[in-house]
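A short write-up of the structure that comes next.
Each reported figure results from applying straightforward, stated rules to the coordinates on display, with no laboratory input. In this text the structure is predicted, and so the values were computed from the model without any measurement. Cβ placement follows ideal geometry from the backbone for every residue including glycine, while neighbour counts extend to all protein chains displayed.
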Amino acid sequence: MAGPAVCLFPGQGSQRVGMGRDLVESFPVARRTFEEADERLDVPLSRLCFDGPEAVLQLTENAQPAILTVSVCVYRVLLETTRLSPAAVCGHSLGEWSALVAADALDFGDAVRAVRERGRLMQEAVPAGEGAMAAVLGLEADAVASLCAEVAGSDVLAPANLNGGGQIVVAGHTRAVERLADRATAKRARVQRLPVSAPFHCALMAPAAAGLERFLSPVSFRTPAVPVVTIVEARVVTSAAELPSLLVRQLTTPVRWEETVRALVRFGARLALEVGPGRVLCGLTRRIEPTLVGVPVGDLDGIARARELLA
């Protein structure tokens with residue numbers, strides 16, 4: 001396929017039991033990636049990815065390092081087996097950590113430890129049941145933001161994922177999300193409560209952001225070797241010094257995914273590889289920019305498809 005490729009790295013929710021197993025059985029670099037994750041975390045993350053149980057894999061502190069490990073594993077296989085040389089990389093929320101590893105801005109071992117702590121902090125920031133997230137379909141971003149302001153009262157409620165294609169995810173106190181759902185439905189929008197364990201990307205994550213900032217203080221970052229488009233500001237990151245604060249700000253600010261995808265198009269890309277488990281980002285990208293062909297690459301079949309397109 002003519003034109004440069006970009007790589008998109010998925011976020012939490014893309015995990016599934018069995019992910020990565022076929023790659024580990026076929027590629028030594030994949031096996032080494034999982035071995036490194038197991039060693040750095042001192043837990044059998046590989047066994048959890050391959051065999052579950054699903055309920056344990058879905059816990060935020062497990063799902064985040066698991067998705068990152070599979071994503072990095074897939075990316076390393078792509079580098080070894082295809083002509084991939086991405087024009088730019090980005091990631092949806094957690095996926096930005098995978099993108100930074102791919103861009104050689106952050107060591108994989110540091111990243112996998114940091115996202116496990118990130119997951120733990122995010123889970124502990126809000127007591128169970130007090131926070132929620134919901135997807136609003138059929139309203140523009142400005143309209144959703146206005147609704148949040150109208151119904152929040154003394155609670156926290158804000159847009160959390162600006163996903164494009166008519167999909168805005170909101171996050172905040174559960175009761176505020178329920179009030180918004182009633183108002184949005186009355187405006188003929190469709191509202192879907194998300195099966196998440198905490199309200200990510202809103203002010204309720206402030207305690208997690210503070211904890212993550214402390215955890216990252218000794219971690220070394222490098223200038224990205226590949227352009228990274230950050231979801232916090234939808235622009236290319238140009239220095240290593242910016243990275244820790246952007247990763248911390250992620251937790252309390254919305255994911256600007258629609259703007260991020262449009263920024264990728266400016267690199268002249270026509271092919272977007274979703275590197276890691278799942279295919280959600282391909283669907284979002286298709287609605288935002290139809291000229292950008294999204295291809296999920298999370299298993300052997302995806303690797304084979306990428307090899308054909310990058311030949």
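Points worth noting:
- When Rg and the Kirkwood Rh are both derived from Cα coordinates, the Rg/Rh ratio for the chain amounts to 0.96.
- Backbone phi angles across region 152-163, fed through the Karplus curve with coefficients 6.51, -1.76 and 1.60 (θ = phi - 60°), yield HN-Hα couplings of 5, x, 8, 8, 8, 7, 7, x, 10, 10, 8, 7 Hz in residue order; Gly and Pro are listed as x.
- Distance between modelled label sites at Ala210 and Asp182, nm, 7 Å Cα→Cβ extension: 3.3 nm
- Residue by residue, region 185-195 carries 3J(HN,Hα) couplings of 5, 5, 8, 6, 8, 9, 10, 10, 5, 8, x Hz when phi is fed to the Karplus relation 6.51 cos²θ - 1.76 cosθ + 1.60 (θ = phi - 60°); x denotes Gly or Pro.
- Region 131-196 - percent relative contact order, Cα under 8 Å, separation 6 or more: 46 percent
- In plain terms, if you count all Cα to Cα distances in region 67-181 and split them into 10 Å steps from zero, the share in each step is 13, 31, 27, 22, 7, 0 percent.
- Other-chain or far-sequence residues with amide H under 5 Å of Gly52's (modelled H): Gly18
- Charge dipole (the chain, unit charges on Cβ, about Cα centre) - positive-most of Leu216, Gly294, Leu100: Gly294
- In Hz, Karplus ³J(HN,Hα) per residue of region 97-112 (6.51, -1.76, 1.60; θ = phi - 60°; x = Gly, Pro): 5, 4, 4, 5, 5, 4, 7, 6, 8, 8, 5, 4, x, 5, 5, 5
- Averaging the sequence gap over all C-alpha pairs within less than 8 Å and six or more residues apart, then dividing by the number of residues, gives the chain a relative contact order of 25 percent.
- Scanning residues 5 or more positions from Ala88 or on other chains, those with amide H under 5 Å from its amide H are Cys7, with H placed 1.01 Å from N in the peptide plane.
- Debye equation applied to the C-alpha atoms of region 23-84, log10 I(q)/I(0) at 0.29 Å⁻¹: -1.24
- DSSP bridge orientation in the chain - percent antiparallel, rounded to nearest 5: 55 percent
- Where N is the number of residues in region 131-196, Cα Rg divided by 2.2 N^0.38 Å: 0.93
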